[in-house]
Amino acid sequence: MFYRIPEINYFRASTLEEALELLNKLESVKVLAGGSDLLIDLKIRRYEVKNVVDISGIKELNYIEDRGEHVAIGAATKLQDIVESPIIATKAPVLAEAVNEMASWQIRNVATIGGNLCNASPAADTAPPLLVLNAKLRLVSLEGEREVPITGFFLGPRKTVLRKGELLKEIVVPYERGAGASFIKLGRRNAFTLSVVAVATLVKVRNGIFDDVRVALNSVAPKPVRAVSVEKFLKSREVSMSAIEEGAKRVLQDISPISDVRASADYRREMSAVLTKESLLRSLERAGVKL
Ligand SMILES: Cc1cc2nc3c(=O)[nH]c(=O)nc-3n(C[C@H](O)[C@H](O)[C@H](O)COP(=O)(O)OP(=O)(O)OC[C@H]3O[C@@H](n4cnc5c(N)ncnc54)[C@H](O)[C@@H]3O)c2cc1C
């Protein structure tokens, strides 16, 4: 173990263009946002980089905007700003619910939503709510912009589709009218902890039938995942306790947990089904559906 950050060149960009030029020009470079993941990773030599480009002071990357049919969040927006945002509370409350359970107030005041996604930890807590909200990610480089659905962003632990010279600019969160959504996180203690497993669900119900069902989990696969087997089983089915119980068990087909310092694979499997059921029930209640 090494506990000192090795010598690196530090560049503080004040505009997006400046950041992109630096990322394009420099070899062996990493973006630095809040640093709550990166600084630890540099200390333990997970990454050997010679340069960091600090984007935390770029105003163009720090905003939460209501654009009618969607909410746009700048990648360098602090987690605590998301918790406190009236726009998120109205249009994507499940995201605020998840972020409120992340880390501590102090960490949330430096850590960013973009950093949580780009770090691509299987345990990233912003991923399940953004997966069930069908969020899109806007990536930018000197060559231009592209948009990827969040389902296609993660490739595996610490791996994303981001290319050299590219950074995450914005998270686009569609406004889901008439939906009920919830997030439940199980950790080794009640607060200030990484998840053993976390589940987000979103439901829309019409005439007693599941019109839309979305389920996503973290910490149970190499990357945060959608539970498509649960979704397929429940969609177009009549809402009932037996359907929810049967559907929740199918989550086992969508996950591949490992045993690690936080929990065993068996415990994760069992709790994934329990929490999927619990979260679906909460989402139904929030959608105004009585069982
Ligand atoms: C004590 C503690 C508790 C924590 N608790 C939790 C928790 O409960 N849940 C959880 O999910 N996480 C938790 N974390 C992890 C961390 O705080 C989050 O992942 C945080 O959101 C990372 O954001 P950051 O801005 O600090 O990222 P940084 O550390 O600055 O960056 C992380 C990675 O993303 C890259 N990056 C950052 N922004 C961009 C961008 N815009 N474009 C391209 N690449 C980018 C960096 O190069 C780096 O590889 C915890 C960390 C600590 C230290």
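Given the criteria in contact with a Gly (Cβ under 9 Å, 6 or more places away or on another chain), within 8 Å of the ligand (Cβ to nearest atom) and either part of a loop (DSSP other than H, G, I, E, B) or closer than 27 Å to V213 by Cα (or both), does T201 qualify?
So T201 does not fit the description; no.
Name the residues in region 97-115 that are surrounded by fewer than 21 Cβ atoms within 10 Å (Cβ to Cβ) and under 15 Å from the mean Cα position of the chain (by Cα), would you?
E97, N100, E101, A103 - these are the residues of region 97-115 that are surrounded by fewer than 21 Cβ atoms within 10 Å (Cβ to Cβ) and under 15 Å from the mean Cα position of the chain (by Cα).
Being touching a residue at least 24 places away in the same chain (Cβ under 8 Å) and within 28 Å of V239 (Cα to Cα) narrows it down to one of V140, V172, V196, V132, so name that one.
Answer to the selection: V132.
How many residues, within region 204-222, are within 16 Å of A103 (Cβ to Cβ) and part of a strand (DSSP E or B)?
Counting residues in region 204-222 that are within 16 Å of A103 (Cβ to Cβ) and part of a strand (DSSP E or B) gives 1.
For the list (1) touching a helix residue (DSSP H, G or I) at 6+ places or on another chain (Cβ under 9 Å); (2) free of Cβ contacts under 8 Å to residues at least 24 places away in the same chain; (3) within 17 Å of L162 (Cα to Cα); (4) not small (G, A, S), I need the number of the one condition that K25 fails.
Result: K25 passes all but (1).
Could you say whether any residue in region 61-73 is assigned to a helix (DSSP H, G or I), near the ligand (Cβ under 9 Å from one of its atoms) and either under 26 Å from G165 (Cα atoms) or of a type in the set (K, R) (or both)?
yes
Just to be sure before I move on: is D54 modelled with pLDDT of 95 or more and more than 11 Å from the ligand (Cβ to nearest atom) in the structure I sent?
The answer is no for D54.
Quick one: what pairs do we get from region 115-127, first residue touching a residue at least 24 places away in the same chain (Cβ under 8 Å) and not assigned by TED's automatic domain parsing to the domain that holds V197, second hydroxyl-bearing (S, T, Y) and more than 6 Å from the ligand (Cβ to nearest atom), C-beta under 7 Å, 6+ apart or different chains?
Partner pairs satisfying both residue conditions: N116/T126; L117/T126; C118/T160; A120/T160; P122/S219; A123/S195; A123/S219; D125/S195.
Among (1) in the same structural domain as A216 (by TED's automatic domain parsing); (2) surrounded by fewer than 21 Cβ atoms within 10 Å (Cβ to Cβ), where does L291 come up short?
Exception for L291: condition (1).
Would you mind stating whether L252 is buried (at least 21 other Cβ atoms within 10 Å of the Cβ) and not assigned by TED's automatic domain parsing to the domain that holds I150?
No.
Go through region 36-51 residue by residue and tally those that are of a type in the set (A, V, I, L, M, F, W, C), within 9 Å of the ligand (Cβ to nearest atom) and more than 18 Å from K164 (Cβ to Cβ).
Matching residues across region 36-51 total 2.
Return the residues of region 197-216 that are closer than 25 Å to I107 by Cβ and either in contact with a Ser or Thr (Cβ under 6 Å, 6 or more places away or on another chain) or not assigned by TED's automatic domain parsing to the domain that holds S259 (or both); say none if nothing qualifies.
Those that are closer than 25 Å to I107 by Cβ and either in contact with a Ser or Thr (Cβ under 6 Å, 6 or more places away or on another chain) or not assigned by TED's automatic domain parsing to the domain that holds S259 (or both): V197, V199.
For residues that are surrounded by 13 or more Cβ atoms within 10 Å (Cβ to Cβ) and either modelled with pLDDT under 95 or hydrophobic (A, V, I, L, M, F, W, C) (or both), scanning just region 178-191, find the one that is farthest from the ligand (Cβ to nearest atom).
Across region 178-191, the extreme among qualifying residues is A179.
I need a count of the residues in region 118-139 that are over 20 Å from A181 (Cα atoms) and near the ligand (Cβ under 9 Å from one of its atoms).
Residues that pass the stated criteria total 5.
If W105 meets every condition in (1) more than 23 Å from K59 (Cα to Cα); (2) within 14 Å of the ligand (Cβ to nearest atom); (3) among the aromatic types (F, W, Y) apart from one, which number is that one?
Exception for W105: condition (1).
The values are calculated or read from the model by the stated rules, or taken from the named source; none is laboratory data. Keep in mind it's a predicted model, so treat the numbers as computed, not measured. Heads up, the Cβs are rebuilt from the backbone with ideal geometry, glycines too, and the neighbour counts pull from every protein chain shown.
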